Amino acid sequence: MILWIGLYQIYSAFRKTRGARILVGLVLLLVVLSLLSLLLDLRVIWWVLYKVLALMALALIIIFQPELRNALARLGSSKLFMFSKTQKHEFLDTFCDAVTQLSKKRIGALFAFERAISLKDHLETGVPLDAILSPEFALTIFHPKTALHDGGMIISKNRVAAAGCVFPVSSRELEDRSTGLRHRAAIGITEETDCVAVVVSEETGQISICVDGKLERNLKKDEFRTRMEAIFLPEDNNNEEDAEKELAGEAGDAPGRDSDLVSD
């Protein structure tokens, strides 16, 4: 029972990754070969399988190296951004303003926020910039007639690290078959890394956020800002909730007032 629970937890952790099919294929191959060797008394094949199983642990580490690196990086990371709270707020204000303008003008865009896991491999597929983000800059980059519009923008430590980058497209089946390549690329990059992807639809102007391969679509301006703050400023959100609870408690404990006074 303990072994089956452990195997199920491992499968649950890897089933949404690109290596899931490899894992299932290896297990099926081993099961089929084991059954054949036992039923047909194929002693040589059984001996080979017995020796191969001893190396399976090392093979799985090599095969699932990206997934293991992702999990370890998330476990060891304690901060999402390495700059002050003031810079975080200012940058989120600028970014949300840029996304809102892109949405209004229906200019397609794809952003990836680098977090614990480096996006260097994907950065090398585009054009390095190391620039300060502004709404005008984002509109220029993603304008349909510019050279870098057909690709993703990587943001690292509140600066634009690169643009025109190629992101891996998710190969898993999606419930909405109308999902475009930009959204599939956002799902793909967040499946392989811990980055946060933001997509602006070229057809509808719809704003979407993708985290851990999960796509949240059709976000309004306020919803998008709130979601970004929840991801990158969790401490501030917790403080706001505590303050609201404290105010609610004070209001509940406040003494009654005279009936002829108008309450605030």
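ALA71 - would you say it is out of contact with any strand residue (DSSP E or B) (no Cβ under 7 Å at 6 or more places or on another chain), in a helix (DSSP H, G or I) and modelled with pLDDT of 70 or more? For ALA71, the condition - out of contact with any strand residue (DSSP E or B) (no Cβ under 7 Å at 6 or more places or on another chain), in a helix (DSSP H, G or I) and modelled with pLDDT of 70 or more - is not met.
Only one of the numbered conditions (1) under 30 Å from ILE63 (Cβ atoms); (2) assigned to a loop (DSSP other than H, G, I, E, B); (3) in contact (Cβ under 8 Å) with a residue 40 or more places away in the chain is violated by THR179, and that is (3). Among residues of the stretch 145-157 that are in the same structural domain as HIS183 (by TED's automatic domain parsing), those with a Cβ under 7 angstrom from a residue that is surrounded by 14 or more Cβ atoms within 10 Å (Cβ to Cβ) and among the acidic types (Asp, Glu), sequence gap 6+ or separate chain, pair up as ILE154/GLU114; ILE155/GLU114; SER156/GLU114.
Does the stretch 186-204 contain at least one residue that is modelled with pLDDT under 85 and among the small types (Gly, Ala, Ser)? Within the stretch 186-204, not a single residue is modelled with pLDDT under 85 and among the small types (Gly, Ala, Ser).
The values are calculated or read from the model by the stated rules, or taken from the named source; none is laboratory data. Here the structure is a predicted model, which means the values were calculated and not measured. Counting neighbours? That spans all protein chains shown, and the Cβs are built from the backbone with ideal geometry, glycine included.
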